[in-house]
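The values are calculated or read from the model by the stated rules, or taken from the named source; none is laboratory data. Everything numeric here is computed off the predicted structure, so don't read it as measured data. Every residue, glycine as well, gets a Cβ built from its backbone with ideal geometry; the counts of neighbours run over all protein chains shown.
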Amino acid sequence: MSYQKLLQKTCEAASDFLDNIDHRPVGRPVDFTALMKNMGGPLPARGEDPIHVMEHLRDTAAPGLVATPGPRYFGFVIGGSVPATLAAEWLASAWDQNAFCYVTSPAAAVTEEIVRTWLLDLFGLPEMSLGITTGATMANFTALAAARHALLKKAGWNVEEQGLFEAPPITVVTSDESHVSVFAALQMLGLGRKRVTRVPADDQGRMRADALGDALARVRTPFLVCAQAGNVNTGAFDPISEIARQVHECGGWLHIDGAFGLWAAASPEHRSKVAGIELADSIAVDAHKWLNVPYDSGLVFVRDQEAHHAAMTLNAPYYAPAPDVARENHNWVPEASRRARGFAIYAALRTLGKDGVAELVNRCCRLARRMADRLAEAPGLRIVNDVVLNQVLVQFSPPSGENGDAFTAEVIRRVQEDGTCWAGGTTWHGIHAMRISVSNWSTWENDIDVSASAIVHCHEAAAEQWPAGSAVGR
Ligand SMILES: *Cc1c(COP(=O)(O)O)cnc(C)c1O
């Protein structure tokens, strides 16, 4: 069989989707059962023609696709894919490289090493090891595994060999606002989600350095601190320099979850927000968010390379590391076999360049500000956070002044149903709010204006019929 025809048709299907993404509803609700019925059915006994399979998937999946690569998806913190990264990702699939080790793909190993040096330069970081994980969750996991190794080693315990039972205790300090994935990492590492000291955060979600000082004064064991660059609701940054000073004065390990916020370091305009980042012992970042690389693409940087390596060690009798090879990819991540994630990151950095990454970050922040300004002009809308990065939180006031949370939820429902853009909800300091994240490479001023108008319109329509189910307007 020749690949040509199948891949050409697939290319048409993919370009059709992407070229028209601007003109489709972004993410309307869709019925699970109906989607199941169309896409599924019993497993066929006989295999089907590949072109038919691809076209069937293309057609039946369509209603269940969300326009996350498009310019008006503002949910969660989701970037799209810079075109060159999609191309590189296709090549990675066609090449079917196993990025496990040097002999399985010398090109994949070298690409990860190139990307490592480029990223250290871009972020202004000292020499650190890099692992390319599935996302920031596994990047947090890997970083905290390295921290666990280093802290217990100092206490005379080899955690990889001896496990945690009867190990000397270590203290884990998080912020009240640490991302759920930090707790997921702790639960997988045997460090416990609840067995942590939580430091209070301020009104924007920043860890309070004074409260950290109080907490550290009470710590009697080796410890690690998880701080954050980029709060998932407000976009706010913990005071990293001050936190780093305190942590290192007391001999602790500082981990920074900078899943999307670390990209501020790549912009001269926003870099001061992450001042002190170069002092971190480990950092988790996502490439699949703000760098706009396809999934799965997370990055973990660790300063103590020996600890990073030791925490991820894997040895097999059939595999001896090649001599004189500077990089074995599996030394830095939890997985063995995996796709060659470095190629897409390489393509992103090469097509954007330093200036392009900075422009992308600056533009998203500028557009978030623009969105906040447009929305704040409308009566009944309130911007809840200080818009310091790419995140905007909006609260909608009902005409009657009651049931504010239910009303905000109703406006969000209408915005999603409308399909001009997509934004989700969150709870921030006890109130329900719409959360808008601007992180796509293809978003421009016009997308913001059109979306802001749609949101204002949905708010007006909801107000007219509030409380929902009232006879007015029915
Ligand atoms: C998205 C996010 C994560 C989790 O990252 P995944 O790539 O989804 O695993 C962790 N921390 C923060 C601050 C995030 O925004």
Could you run through region 120-149 and say how many residues are away from the ligand (no atom under 11 Å from the Cβ), touching a strand residue (DSSP E or B) at 6+ places or on another chain (Cβ under 7 Å) and under 25 Å from residue 232 (Cβ atoms)? 10
Single residue of 150, 184 found to be of a type outside the set (S, T, N, Q) and touching a residue at least 60 places away in the same chain (Cβ under 8 Å): 150
Which one of these is basic (Lys, Arg), farther than 26 Å from residue 301 by Cα, more than 27 Å from the chain's Cα centre (by Cα) and assigned to a loop (DSSP other than H, G, I, E, B): 46, 28? 46
For region 266-278, which residues satisfy the criterion of being out of contact with any Ser or Thr (no Cβ under 7 Å at 6 or more places or on another chain) and surrounded by fewer than 24 Cβ atoms within 10 Å (Cβ to Cβ)? 267, 268, 269, 270, 271, 272, 273, 278
Taking the conditions exactly as written (within 14 Å of the ligand (Cβ to nearest atom) and either within 29 Å of residue 134 (Cα to Cα) or surrounded by fewer than 24 Cβ atoms within 10 Å (Cβ to Cβ) (or both)), does residue 213 satisfy them or not? no
Quick check on my filter: what residues within region 180-223 are of a type in the set (S, T, N, Q) and over 21 Å from residue 152 (Cβ atoms)? 181, 204
Among 370, 339, the single one that is surrounded by fewer than 24 Cβ atoms within 10 Å (Cβ to Cβ) and not in a loop (DSSP other than H, G, I, E, B) is 370
Conditions (1) modelled with pLDDT of 95 or more; (2) under 18 Å from residue 99 (Cβ atoms); (3) surrounded by fewer than 22 Cβ atoms within 10 Å (Cβ to Cβ); (4) out of contact with any helix residue (DSSP H, G or I) (no Cβ under 6 Å at 6 or more places or on another chain); number of the one not met by residue 306: (2)
Determine if region 281-292 includes at least one residue that is of a type in the set (Gly, Ala, Ser) and either out of contact with any strand residue (DSSP E or B) (no Cβ under 8 Å at 6 or more places or on another chain) or more than 16 Å from the ligand (Cβ to nearest atom) (or both). no
Residue that is surrounded by the fewest Cβ atoms within 10 Å (Cβ to Cβ), among those in region 373-408 that are hydrophobic (A, V, I, L, M, F, W, C) and in a loop (DSSP other than H, G, I, E, B): 378
Filter region 180-204 for residues that are within 15 Å of the ligand (Cβ to nearest atom) and buried (at least 22 other Cβ atoms within 10 Å of the Cβ) and give the result. 182, 185, 186
Run residue 62 past the list (1) without any contact (Cβ under 8 Å) to a residue 60 or more places away in the chain; (2) not in a helix (DSSP H, G or I) and report the number of the one that doesn't hold. (2)
Could you go through region 240-261 and let me know if any residue there is in a loop (DSSP other than H, G, I, E, B), among the charged types (D, E, K, R) and either surrounded by 23 or more Cβ atoms within 10 Å (Cβ to Cβ) or out of contact with any Leu (no Cβ under 8 Å at 6 or more places or on another chain) (or both). no
Of all the residues that make up region 90-118, how many are surrounded by 22 or more Cβ atoms within 10 Å (Cβ to Cβ), closer than 27 Å to residue 354 by Cα and either in contact with a helix residue (DSSP H, G or I) (Cβ under 8 Å, 6 or more places away or on another chain) or β-branched (Val, Ile, Thr) (or both)? 7
So which residues in region 231-266 are over 21 Å from residue 298 (Cβ atoms), within 16 Å of the ligand (Cβ to nearest atom) and not hydroxyl-bearing (Ser, Thr, Tyr), if there are any at all? 236, 243
Of the listed residues (25, 71), the one being more than 26 Å from residue 341 (Cβ to Cβ), away from the ligand (no atom under 16 Å from the Cβ), touching a residue at least 60 places away in the same chain (Cβ under 8 Å) and surrounded by 12 or more Cβ atoms within 10 Å (Cβ to Cβ) is 25
Scan region 285-309 and report the pairs whose first residue is within 30 Å of residue 443 (Cβ to Cβ) and β-branched (Val, Ile, Thr) and whose second residue is in a loop (DSSP other than H, G, I, E, B) and within 16 Å of the ligand (Cβ to nearest atom), with Cβ atoms within less than 7 Å and a gap of 6+ or a chain change. 285/258; 285/259; 293/81; 293/287
Looking only at region 409-464, filter to residues that are farther than 20 Å from residue 389 by Cβ and among the basic types (Lys, Arg); which one of those is surrounded by the most Cβ atoms within 10 Å (Cβ to Cβ)? 414
Some residue of region 216-230 being assigned to a loop (DSSP other than H, G, I, E, B), within 16 Å of the ligand (Cβ to nearest atom) and either more than 30 Å from residue 81 (Cα to Cα) or under 16 Å from the mean Cα position of the chain (by Cα) (or both): yes
